[in-house]
Structures are given as structure tokens and as C-alpha cells.
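Following: one structure in C-alpha cells, then a few remarks.
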Amino acid sequence: MTKTIVLFDMDGTLTEPRGKFDNKKLRDSLYGLTNYGNHIGIITGSDEDYLRDQMGDFLTNSSCRYKTHLLPCNGTKYFKPPEFANEEHNLVHEVDMESYLGEKEYRDLLCELVYSQVDACNLGAPLTGHFINCRGSMVNWCPIGRNANKKHRQEFIDLDKKLDIRNRIISELREMLKLKKIDNKITIKLGGDTSFDIYPTGWDKTYGLKHFVGWDVWFVGDRCEKNGNDYEIYRACEGKSYKTNSPEKTIDIIDTITKELRG
């Protein structure tokens, strides 16, 4: 019998951006989905520490944990669900970006991000700290810093809507990588509302599908536009993929999927 899994983006889909998973109705909908034998997966550009922090006790104390697969860094890291109460999610797959690209090309990329950060300082946006986050299999760059609070984030979001800052930065960064002759090896996507996810070409969220060959796979995410980090997997699961714009909308989508899977 074919197994079924519904993969969810995290920020903007299951949680507010960088927010905690605290929506009771959403939790109940996920319970309902798994109660009928279906599995769920959380596939996010964030690393394991952010995923565990944001999802909280849903991963440690809920009955859903035994059918919840963790796929941080676009699924280039994969944690299988535990079988017993005293077990944690188990890391079974991981790849390394620096080893894949080579030390020189990886260093060239980071240098270009540092130069771009200097340019970003002149945009008038707030600056906090923790601008570049190396996650092993990918790099996240946040021009305002991942230490930004809600006020800082909103200031940047408003500025981005007005000046189209991030799409402009992507174009400029791609041109710089082209001069280094590594543009064809590296993909740059919008990550959430304030950052960029950067990884080897092919290591987008469709990478996570490799772990579920032979499964019936569904997907729900919010960044499904061309520069968004859900675009490729949204297209790959066409016919079984849904675009959301908030955790509240995700509840309706889950209920729709659950009814369809129940027949």
C-alpha cells in the first residue's frame, strides 16, 4: 500500500515568520491528517535548531511526532520520526555545501556576500546582527540581520515593497557570481520576508523528495513564486500542491486535503 505524506513549509505556512507553533486549530487539523495514517513533513530553508525551536512541543510531546519527518535546509538534512517515546528524531542524511562546491568557490561566494552586505548598509534599512548563517548544506544571508525584532522586520518589509530591494539584490549578486564563473553552480532564492537562501543548484526543496520515492507526496507552502524558495517543489507536486498565505489559510488547506485523502 502506497504511503502518503504531506510536506509543509514552516515560516508563513505553519508558523508566523520566525514565530512559535501555537495555533491550536492548526494543531488539531494536523492531528486529524495523521490520524488517518498519513505522514507529515516539515521542509524548510531553516536549520534544525530553528525548526525545533519554532515547532516546540509538537515535536517532543504530541502523538504526531511519530509521523512527522523533519527536513531542514531544504531537505538536504533529513531526520526520521522516532518509533518510541524515549527516542528523538534521527538524522539519516546530510550533505555539505563547501565539500560539494570546493573550498575556493565556497569562499568566493562568502566574500561576495560580505561585499553585498556593505552595499546593503547604505539602503537605510535597520541593521542588527548575525547577517550570514552558514548551515552546512546552504547559506542564509539576511541584510538586516537574523537578530532583527518584529519592528525591524516590518521596516525592511515595507522598504522592500517600496523599492523592490531583494529582487534587485538577487540580480546584482547573480551578476557578481557570473564574473566568478560560479553562477551556474549556485541558486539564490528569497527566504521568508527578509533573507536569501543560497545553495548549490539542484539543492532546492525538490531535494527532499528523494527521501520519499514511491510515496504519494503533497505540498503546502507560501513562497511559490519564481524567486521564492517553495517554487520548485510547488511545481514538482503540481496537482497536489497548495499555496497558502498564513497559518490560518493552511488550516483550510489541510482540511481539504484530509477530506480528499479520505475519499
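The values are calculated or read from the model by the stated rules, or taken from the named source; none is laboratory data. Computed from a prediction, not measured in an experiment: that's the story for all the values here. As a convention, Cβ positions derive from the backbone with ideal geometry for all residues, glycine included, and neighbour counts pool all protein chains shown.
Scan (1) buried (at least 20 other Cβ atoms within 10 Å of the Cβ); (2) under 17 Å from Phe212 (Cβ atoms) for the single condition Leu109 breaks and write down its number.
It fails just one condition, (2).
State the number of residues belonging to the stretch 40-57 that are surrounded by 21 or more Cβ atoms within 10 Å (Cβ to Cβ) and over 13 Å from the mean Cα position of the chain (by Cα).
2
So Leu33 ticks every box in (1) farther than 30 Å from Lys151 by Cβ; (2) surrounded by fewer than 13 Cβ atoms within 10 Å (Cβ to Cβ); (3) in the same structural domain as Gly239 (by TED's automatic domain parsing) but one. Which box is left unticked?
(2) is the only condition that Leu33 fails.
Can you spot a residue in the stretch 146-155 that is surrounded by fewer than 20 Cβ atoms within 10 Å (Cβ to Cβ), over 17 Å from the mean Cα position of the chain (by Cα) and at pLDDT 95 or above?
Within the stretch 146-155 (the criterion being surrounded by fewer than 20 Cβ atoms within 10 Å (Cβ to Cβ), over 17 Å from the mean Cα position of the chain (by Cα) and at pLDDT 95 or above), the answer is no, since none of the residues qualifies.
Can you tell me how many residues within the stretch 65-101 are of a type in the set (S, T, N, Q) and within 18 Å of the chain's Cα centre (by Cα)?
The qualifying residues number 3.
What is the one condition in (1) in a loop (DSSP other than H, G, I, E, B); (2) in contact with an Asp or Glu (Cβ under 9 Å, 6 or more places away or on another chain); (3) in the same structural domain as Asp183 (by TED's automatic domain parsing) that Asp119 does not satisfy?
(1)
Quick check on the stretch 189-200. Is at least one of its residues among the hydrophobic types (A, V, I, L, M, F, W, C) and surrounded by fewer than 22 Cβ atoms within 10 Å (Cβ to Cβ)?
no
So, Glu238, is that one within 25 Å of Leu7 (Cα to Cα) and more than 18 Å from the chain's Cα centre (by Cα) or not?
Answer is yes for this residue.
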